[in-house]
1. Hey, can you tell me all the residues within the stretch 1-27 that are within 15 Å of residue 54 (Cα to Cα), surrounded by fewer than 13 Cβ atoms within 10 Å (Cβ to Cβ) and among the hydrophobic types (A, V, I, L, M, F, W, C)?
2. Quickly run through the stretch 69-78 and pick out the residues that are touching a strand residue (DSSP E or B) at 6+ places or on another chain (Cβ under 6 Å) and modelled with pLDDT under 95.
3. From (1) in contact (Cβ under 8 Å) with a residue 24 or more places away in the chain; (2) assigned to a loop (DSSP other than H, G, I, E, B), pick out the condition that doesn't hold for residue 24.
4. Which of the residues belonging to the stretch 1-19 are over 12 Å from the mean Cα position of the chain (by Cα) and in a helix (DSSP H, G or I)?
5. Could you pull out every one of the strands (runs of 3 or more DSSP E) wholly within the stretch 28-95 that has 1 or more residues that are loosely packed, with under 13 Cβ neighbours inside 10 Å and on the phi > 0 side of the Ramachandran plot?
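The values are calculated or read from the model by the stated rules, or taken from the named source; none is laboratory data. Here the structure is a predicted model, which means the values were calculated and not measured. Ideal geometry is used to build each Cβ from the backbone, glycine not excepted, and the neighbour counts take in all protein chains shown.
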Amino acid sequence: MDAAIALYPRNPEDLYSAALSEAADWVIAKCFAGLRLHAVRAYPLEFNHGYIRFLEGKGSQRQGVLRRVAQLAGKFYGRVLMHLLEQEWLAAAGR
């Protein structure tokens, strides 16, 4: 079983805040340790490079792009499939 997460900071620079990083760590830990899920995934828009880097910093790996699935202001964009498996999270955390 897996879950999808999304973080929506009010300001793009908040992606680099300690508070948001700690909140994401807490959510990921709850997904794996508390809910005993197999994986956590996210689907950031393809142009949201800051959020993609943030997710990579949490251990998520880029699995591919869902092409032209989101429409904003009349233009279509892809979503990047980011995936974090429980065993990767455990290994990275030294558990």
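1. Within the stretch 1-27, 6, 18, 19, 26 meet the criteria.
2. Taking the stretch 69-78 first, the residues touching a strand residue (DSSP E or B) at 6+ places or on another chain (Cβ under 6 Å) are 69-70, 76-78.
Of everything in the stretch 69-78, those that are touching a strand residue (DSSP E or B) at 6+ places or on another chain (Cβ under 6 Å) and modelled with pLDDT under 95 turn out to be 69, 70.
3. Going through the list (1) in contact (Cβ under 8 Å) with a residue 24 or more places away in the chain; (2) assigned to a loop (DSSP other than H, G, I, E, B), residue 24 breaks only (2).
4. Going through the stretch 1-19, the residues over 12 Å from the mean Cα position of the chain (by Cα) turn out to be 1-2, 9-14, 16-19.
Correct list: 12, 13, 14, 16, 18, 19.
5. Correct list: 61-72.
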